Amino acid sequence: MLTMFLRSRELLLLVAIAALLVVVTWRFPGFITLANLANVYNDTSILIILALGQMVVILTRCIDLSMAANLALCGMVAAMLNFYVPGLPVLLLVLIAVVLGTALGAINGLLVWKLDIPPIVVTLGTMTIFRGTIFLLSGGAWINAHQMSDLFKSLPRGIVAGMPVLSWLSLAVIIAMLVVMRRTPTGRAFYAVGGNPHAAVYTGLDVGYTRFKAYCLSGGFAGLAGYLWVSRYAVAYVDIAAGFELDVVAACVIGGISIAGGVGTVPGAVLGALFLGIIKNALPVVNISPFAQMAISGTVIIIAVAVNARAERRKGRVILKRAEHVA
Amino acid sequence: MISVEQTARYVPDRLKSPAARWVKSWESLLIVVALAIFITNSFASPYFLDPWNLSDASFNFTEKALIAFAMALVIISGEIDLSVAAIIALTSTAMGYAAQAGFDTPMLVAIGLATGLGCGAINGLLVTGLGLPSIVVTIGTMSLFRGTSFIILGDQAFTSYPASFAYFGQGYVWWVFSFELALFVVAAIVYGLLLHKTNFGRAVYAIGNNATAALFSGIRVGRIKFILFLLTGLMAGMASICLTSRLGSTRPSIALGWELEVVTMVVLGGVNILGGSGSIPGVVLAALIMGMVTFGFGLLNVPGIVMSIFIGLLLILVIALPIVYGRLSRRWARSAA
Amino acid sequence: ENKKIALVVKALGIGFFEAANKGAQEAAKELGDVEIIYTGPTTTTAEGQIEVINALIAQKVDAIAVSANDTDALVPALKKAQDRGIKVISWDSGVAKDGRALHLNPSSSPLIGNMIIKLAADNLPEGGDVAVLSATATSTNQNVWIEEMTKVLPNYKGINVVATVYGDDLADKSYRETQGLIQKYPNLKAIIAPTSVGIVAAAQAVTDAGKIGQINVTGLGLPSEMAAHVKSGASKSFAIWNPIDLGYSAAMLSYDLINGAEAKPGAELKMGRMGTLKLDDNNEGAMADPFIYDASNVEEFAKIF
Amino acid sequence: MAPAITLEGISKSFPGVRALSDVSLTLYPGSVTALVGENGAGKSTLVKILTGIYKPDGGSIRINGTAVSFPTAHAASKAGVTAIHQETVLFDDLSVAENIFIGHAPKTRFGFVDWAFVNEKARALLKEIGADIDPSIRLRDLGIANRHLVAIARALSIDAQVVIMDEPTAALSHKEIHELSELVEKLKAAGKAILFISHKFDEIFRIADRYTVFRDGRMVGEGLISQTTEDQLVRMMVGRDVGQVFPKKQAEIGEPVLTVAGYRHPTEFEDINFELRRGEILGFYGLVGAGRSEFMQSLFGVTKPSAGAVRIDGNIAVIRTPSEAIAQGIVYVPEERGRQGAVIGLPIFQNVTLPSLGQVSRKGFLRMAREFALAREYTARLDLRAASLDQDVGTLSGGNQQKVVIAKWLATKPKVIILDEPTKGIDIGSKAAVHAFMSELAAEGLSVIMVSSEIPEIIGMADRVIVMREGRIVGRFEREELTAERLVRAAAGIGAVPGEGA
Ligand SMILES: Nc1ncnc2c1ncn2[C@@H]1O[C@H](COP(=O)(O)OP(=O)(O)OP(=O)(O)O)[C@@H](O)[C@H]1O
Ligand SMILES: Nc1ncnc2c1ncn2[C@@H]1O[C@H](COP(=O)(O)OP(=O)(O)OP(=O)(O)O)[C@@H](O)[C@H]1O
Ligand SMILES: [Mg+2]
Ligand SMILES: [Mg+2]
């Protein structure tokens, strides 16, 4: 029982999160109130959405380093459209951001699929290209709060049934991803293609096309996150979310998504993101210098990957009959 | 009885002459690209062909290239080190701290190199000792090392360095040849020999192509990978000495984002990101190309980010074009047959 | 032949610097034989600025006027520029003395330090807790202003500075830091953000937390970016100098130096329509007082910058 | 009877190997056709062409008279062709049920996978083939035999007219083999056309109705099983009489070179004791999965044993890493050539000199001329066929790759050479060359350990044989006592043949 408990990465992470909350609460009792926790969740929503997209890509043995740049580009396009074409309905802008993000993801996917360029090279390249494109589009200028329409800014903030729309959106994404990953053939194909690409060919799965789909998905999520980011912080400029791709990868790693592909779950990615989110929110509150935040998340990543690797380490083949009985 | 042909058949050492192989190599492609950029730049700006200007421009790439040499070896061996820029920051912080405490230049250099080595050792231990994937480990240590710098410095800066310390980033060996440029040339030669002419280099290639088979061939895979991480740490320490000396100050945000530029340089230099192949001359050429592009665009006052689009496109195109060309030529060959 | 003056900013695309460029262009038009090169890195890093400065040295510009991302790191590069006969001044955010002929402060630090606390105190007759949201850890001016503010704090009875946090001039980080402040200090009455990025993010965070009316956000900001927040009441008033004037003055001062004026303590240099700049012992001078914006005038200035 | 599927003129080449040339094959409904041929004859290649994994270079496939082509594995299964592949190609991190149904899982009206239904069907399928496996556990937790059963269940989950079984019994125990043959009967009764590939003649004669023989990528004979004999089949397969293949030279057997005492590993093997003498070829026989490779690898220092000692030339030695083993004169030619043997991506000469870098360098700097000289010396002795020595080993045929790997080890001038399945998957010419060479080495005074699952090879080459089963030594035979039957019985754990003392 205990071993099964310890083997479940998600449970382990949940325990770690609980321990973290206990420590924070001990230093600052106000942290664990429902309102504050809801607030932390809301704050982590964007990271959760991105981590779920990145998860799918990592599952297929790829990586998407262009995610933050994609987010920034889509966010900027949505903000600029909102500013320069005032009449456009906000929902249409959200849709445009998602579609654009998917298209940018498709570029990554096509390069990986059709030209067989290693994913890390492709997304390293598109990362700089996407960022540069924002500069070319905007001329480096910022789109500020006063240039955005009120509805544009207020959509993610609107309170529905006691929770901001942003939180509801991320919940919806989580649920959708739970269904996609558990219940659809495509979701299972992500696991299969990353777990054993060779065997995937034998089962009739198209490895390249599945990876392409993964990139489209992560791109679409980045596009959605782009709108959310820009409207939430009410500002768009070239460098928004710079370096955030590494936070997203970190959330996945902490959540037990194996960088070697094929292993990882939706709850894992969500918990990984929440873990980082809680640390980010708790540090200023418990009087740990914000300067320590970086070192702490670095340590957490290393510990998480070490723990996950231990859990994953293959047992030797059991050939001796006696050994099999003991086990 | 089956007749096993026993007449020994002569197998030549090489089919193509070295020159013939060279013509089709990645390096020759890079030389063409480099020349094209050099000529374009000379025409685009009257200021380009000036020895002092070129010398100034070399600072754009020398420090990154120092790390790129070691990174090339790490990537050829099938690993990656994303923490190099963070090592620069931590090393610079350590030196700044020591300078504050009154240590003199030789001691600062020793501290810089030792800190770099120490960081490399941590990466190496995590990757080879615990068997963790290097990409994740070094994303973690990247935050850890730079984060440590932030803890030590916060919003402060170390700004007082001994006057003699300025030599590494601002001194000239002879005429327009700066210390950094000289170091770059020496490092290129040392790493070129190490990778292409020694047992160690051969082992690095073998590990990158097939680590299991290399282990089965008696190569001490773990030890060699550990040494590679040490070397990368050492070179990051060296780069940090140069950069700190050039800036004359240390902030925790120093060299932010350099890891990706270094990786880009290595990949552009023809090193396979999946390991197993690549060369030091290729990395040297990639460094020159990136330096010239930066400088050329700078002379035209084009914002740096536009230049990075160019580098990003170059990265993908340079890898994609041979693939597309190969496919097309195969298709032509088939349709011709 | 035209004189080439390079206006090097912390990063391209920031409204404040775009406005400064407007001023510099105005000066160029006025002077006739001046070409302004407006440039800078795309992220606020010292390394980026050094690359830009190296390229400017290579182009043999006549003067470089820089708003520095790092007081010290630019010094070697700027020294080299001076060695090659280029006049160097810093403006807005300065570089250490060795690296430039003079530094143009938008205003004097004591005036600004006093102004930001006064803006908070004027709206708090009974006193109360205030917190400071500063900018990036690597820019000098914020720290000097906060220092000056601390000096005059005793003059404002009942005002209690409970914390200073750093938003790194990033919208999201500033936003999060503000959230932390709101959570941690339930009695917070005002947030002082002497940075144009921070003040907007803080006002947004206060708005989102539903604390308009309870917490007043003030400090230094751009009218165009703050107009909405003044209207909503998240910010009652804020201050800033006029960046157009600043760019104009920087260009004028550079021109004066190119024409042989000498920057030494006590010297007075010409700034066109802005009058003259008197240099102190550090070869620094202040352009003008900061200017207060509130509901009565912010709309009007929002159209300009 | 109308054929279910007809192949005509199928050819397939890989770089350096012509795996199939102009072969034809016909399968009939309700009939089992056995495909026999030596290792590397092209059987699995044909299976992969039939299931859409490889595209043939030429030839046609016809189902019920209409020409078809299989661009993907999916297309083949939709056309009614399913296969149990020789390698178990499954997913460690998916559940058993998912492994069975991935790619063609039944869906609900909304396009979702119907897990309840999938699990239920998987359970039924597994029960049908007599496998007692819970469909909801992860494949990672299954042993090799159970994995094979899952692969079989997967193949049967596709409703197909043509069922291909590529060595389905290789990893199974007696009971499971029995249930599998019952299953084949059932499929036959249901009118399916079955292609059955096996190296075990007893099975073939029990199960099959027809036979087709491949040799070196060509079809060399076909007919009804009832009209042939084992000897005839073997002759067709190898093109000569078996006894002549193995050019065993009589070598002089000298003093003990290697003594292994008390080697054990917590899960893989225990109680391994034996002695190896100069000039001796010691065979290690066992069924697939008997743990021979694992033991050899720990002898070579790749994995650590939990106890045990070796004595080499009378001195006790500790071997913790392969480099120490090499220093002691023990070398290992691994079974998985592509993964553990050749460094694909490096040229031939660099592969050969890899363990001998010290020999070809001075003060750590390589001497290119010496490298080529060393590589030339040993590859020439093995009669390597290649275009040049700086060619990538990956472009060589399997047999020539194996020669490079052996050359690499001989260049270290070892005392003991361990060959793990040295002729697995290599063509007949190379095989003979390897065997001839093995004899030569023994004659020169080298000691050879030969791990092999091929009885003729063991009987033909070994001076002495040790049989392993489930990680333990279960039999030792001198050359005179070697018979195929004794070996098989020992390996399978069946008692001695009555009336014959072991
Ligand atoms: N992907 C490949 N690349 C190169 N050569 C291959 C490949 N697959 C098979 N071959 C070669 O094709 C030939 C036929 O191999 P195949 O696997 O079909 O043999 P087989 O008859 O199934 O043998 P076995 O009884 O050992 O399973 C062999 O020489 C093999 O080395
Ligand atoms: N339980 C298992 N889990 C995963 N892979 C296995 C398992 N058992 C066998 N294999 C794989 O199947 C292949 C064939 O096994 P192999 O016959 O080499 O086993 P072995 O223990 O080496 O036995 P021997 O060499 O005595 O036949 C090997 O490549 C091995 O990796
Ligand atoms: Mg086969
Ligand atoms: Mg084996």
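Observations on the structure shown:
- Calculated mean residue ellipticity at 222 nm for chain A: -24500 deg cm²/dmol, from DSSP H runs with n ≥ 4 weighted as -39500 (n - 2.57), summed, divided by the residue count and rounded to 500.
- Sequence-distant residues sharing a close amide H with D:V474 (under 5 Å, placed H): D:V467, D:M468, D:R469
- C-alpha long axis of helix D:428-443 to longest principal axis of chain D, angle in °: 30 degrees
- Counted over the stretch D:255-492, the DSSP beta bridges are approximately 55% antiparallel.
- Of the chymotrypsin sites (Phe, Trp or Tyr not before Pro) found in the stretch B:136-216, those in coil by DSSP whose Cβ has at most 13 other Cβ atoms within 10 Å are B:W175.
- Under a 5 Å amide H cut-off, with hydrogens placed 1.01 Å from N, A:M163 pairs with nothing among residues at least 5 apart or on other chains.
- Dipole of the protein assembly as shown [Lys/Arg +1, Asp/Glu -1 at C-beta], most positive-end residue of A:A304, C:N283, B:I305: A:A304
- Around the Cα centre of the stretch D:255-492, unit charges on the Cβ atoms of Lys, Arg, Asp and Glu (plus for the first two, minus for the last two) sum to a dipole of about 680 debye.
- Charge sum, other residues only, whose C-beta stays under 12 Å from D:M1's C-beta, Lys/Arg counted +1 and Asp/Glu -1: 0
- Centre separation in Å (Cα based) which lies between the stretch D:1-67 and the stretch C:164-219: 73 Å
- For C:I37, the residues whose modelled amide H falls within less than 5 Å of its own, excluding neighbours fewer than 5 places apart on the same chain, are C:I5, C:A6, C:L7.
- Euclidean distance between Cα centres, the stretch A:129-157 to the stretch C:221-263, Å: 23 Å
- Positive-end residue of D:P56, D:G42, D:A309, charge dipole of chain D with Cβ unit charges: D:P56
- Where trypsin sites (Lys or Arg not before Pro) fall in DSSP loop in the stretch D:333-427, at most 16 other Cβ within 10 Å: D:K363, D:R367
- Prolate/oblate/rounded call for the stretch B:57-336, Cα gyration tensor, a/c under 1.5 rounded: oblate
- Tensor-based shape of chain A (alpha-carbon gyration tensor, a/c under 1.5 rounded, otherwise prolate or oblate): oblate
- Point-charge dipole on Cβ atoms (K/R +1, D/E -1) for the protein assembly as shown, about Cα centre, debye to 20: 2120 debye
- Per-residue average of Cβ from other chains inside 10 Å of B:305-318: 6
- Pairs exceeding 31 Å between alpha-carbon atoms, taken from C:K151/C:K211; B:K16/B:K197; C:K60/C:K278; D:K43/D:K415: D:K43/D:K415.
- For B:L15 and D:E185, the FRET efficiency from 1/(1 + (r/R0)^6), where r spans their Cβ atoms and R0 equals 41 Å, is about 0.15.
- Using only side-chain charges placed at the Cβ, +1 for Lys and Arg and -1 for Asp and Glu, the dipole size of the stretch D:5-238 relative to its Cα centre rounds to 580 debye.
- Cross-link reach list, lysines versus A:K213, counting only Cα pairs under 30 Å and skipping chain neighbours closer than eight places: A:K114, D:K48, D:K55, D:K78, D:K107, D:K121
- Principal-axis analysis of the Cα atoms of chain A puts helix A:34-59 at an angle of about 70° to the longest axis.
- Each helix, a run of at least 4 DSSP H residues, gives -39500 (n - 2.57); summed and divided by the residues of chain C, these come to -12500 deg cm²/dmol at 222 nm.
- Coupling constants for the stretch B:238-250 follow from the phi torsions by the Karplus curve (6.51 cos²θ - 1.76 cosθ + 1.60, θ = phi - 60°), and in residue order they are 4, 4, 5, 4, 4, 5, 4, 5, 5, 7, x, 7, 10 Hz; glycine and proline get x.
- Working note: 222 nm ellipticity from helices only, DSSP H runs with n ≥ 4, each -39,500 (n - 2.57), summed and divided by the residues of chain D, gives -9500 deg cm²/dmol to the nearest 500.
- Along chain D, longest interval not containing exposed GluC sites (Glu not before Pro), exposed being DSSP loop plus at most 13 other Cβ atoms within 10 Å: D:253-443
- Legend: calculated FRET efficiency, D:S136 to B:S160, from the Cβ-Cβ distance at R0 = 60 Å, rounded to 0.05, equals 0.35.
- Among the trypsin sites (Lys or Arg not before Pro) found in the stretch C:77-127, those both in a DSSP coil and sparsely packed, with 16 or fewer other Cβ atoms within 10 Å of their Cβ, are C:R84.
- Antiparallel DSSP beta bridges within chain D, percent to nearest 5: 55 percent
- Alpha-carbon centroid distance for the pair the stretch B:305-326 / the stretch D:89-160, whole angstrom: 44 Å
- Net charge of Cβ neighbours under 12 Å - reference D:I319; Lys, Arg +1; Asp, Glu -1: +2
- Within-12-Å neighbourhood charge of D:G341 [Cβ basis; K, R +1; D, E -1]: +1
- Cα gyration tensor shape for the stretch B:128-173, rounded if a/c is under 1.5, else prolate or oblate: oblate
Where a number appears in this text, it was derived from the coordinates with a stated rule and is not lab data. Predicted, not measured: the structure shown is a model, and the values here were computed from it. Because the Cβ atoms are built from the backbone with ideal geometry, glycine has one as well, and the counts that use them run over all protein chains shown.
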